[in-house]
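The values are calculated or read from the model by the stated rules, or taken from the named source; none is laboratory data. Note that the structure is predicted; figures quoted are calculated from it, not measured. Using ideal geometry, Cβ is built from the backbone for each residue, glycine included, and neighbour counts are taken over all protein chains shown. Only protein heavy atoms, including side chains, enter the accessible area calculation; ligands, DNA and RNA are left aside. Shrake-Rupley method; radii C 1.70, N 1.55, O 1.52, S 1.80 Å.
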Amino acid sequence: MSAFPGISTRVSKAGAATVLTAATVTASMLLPGVAANAQAATPGQAALKVAASKKGSPYQYGAAGPNRFDCSGLTLYSFKKVGKNLPRTAQDQYNRTRHLSAGSRQTGDLVFFHSGSNVYHVGIYAGDNKIWHSPKPGASVRLEKIWSNSVWYGRVN
């Protein structure tokens with residue numbers, strides 16, 4: 001005998017999937033934070049947090065962390081920390097990513113600066129037309145506005 005008379009009849013009529021959907025919706029209304037937290041960050045968004053945590057780390061040509069970085073070293077390090085492997089150079093990283101339009105970019109995507117067909121710099125898109133990157137000798141990892149229209153976007157799969 002059921003503690004809820006008629007439930008088994010309703011389940012068989014409505015179907016288990018409908019009941020599970022209703023239970024999920026009800027739970028998210030009762031516990032509003034649960035649904036938002038259930039959405040996991042993408043690898044790119046997680047890598048973006050890693051890059052931001054390196055704010056102030058000095059630029060060093062050829063360095064890939066944990067305390068000094070060049071541009072592609074920062075992206076390589078950040079994605080490696082979240083379980084994604086990238087090649088060493090900005091050009092090779094561009095070749096490895098899924099290419100996107102500016103309208104399709106999301107936080108955590110890579111931003112590649114290019115001259116003609118040659119990629120010379122990379123950063124991680126932070127939203128609001130800004131990137132985290134390790135810009136040049138004498139500078140350090142920082143958040144900066146995208147300064148050029150000669151950029152391509154790529155997503156790490």
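Within the stretch 91-116, track down each residue that is in a strand (DSSP E or B) and polar (S, T, N, Q). Steps first, answer last, please.
From the stretch 91-116, those in a strand (DSSP E or B) are 98-100, 110-115; that's our starting set.
Within the stretch 91-116, 115 is the sole residue that qualifies.
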Q: Determine which single condition residue 95 fails, assuming it passes every other condition in (1) within 21 Å of residue 59 (Cα to Cα); (2) surrounded by fewer than 19 Cβ atoms within 10 Å (Cβ to Cβ).
A: (1)
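Residue check: is residue 156 β-branched (Val, Ile, Thr) and farther than 18 Å from residue 41 by Cα?
Values: β-branched (Val, Ile, Thr): yes; farther than 18 Å from residue 41 by Cα: no.
Considered against the rule, which asks whether it is β-branched (Val, Ile, Thr) and farther than 18 Å from residue 41 by Cα, residue 156 comes out as no.
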(Q) I need the full set of residues from the stretch 121-140 which are in contact with a strand residue (DSSP E or B) (Cβ under 6 Å, 6 or more places away or on another chain), open to solvent by less than 80 Å² (accessible area, probe 1.4 Å) and in contact (Cβ under 8 Å) with a residue 24 or more places away in the chain, in order please. (A) 121, 122, 123, 124, 125, 126, 132, 133, 134, 139, 140
Q. If we keep just the residues of the stretch 118-157 that are among the hydrophobic types (A, V, I, L, M, F, W, C) and assigned to a loop (DSSP other than H, G, I, E, B), which is farthest from residue 83 (Cα to Cα)?
A. 147
Q | helices (runs of 4 or more DSSP H) wholly inside the stretch 25-90 containing at least 1 residues that are closer than 16 Å to residue 122 by Cα and modelled with pLDDT of 95 or more | A | 43-53, 71-81
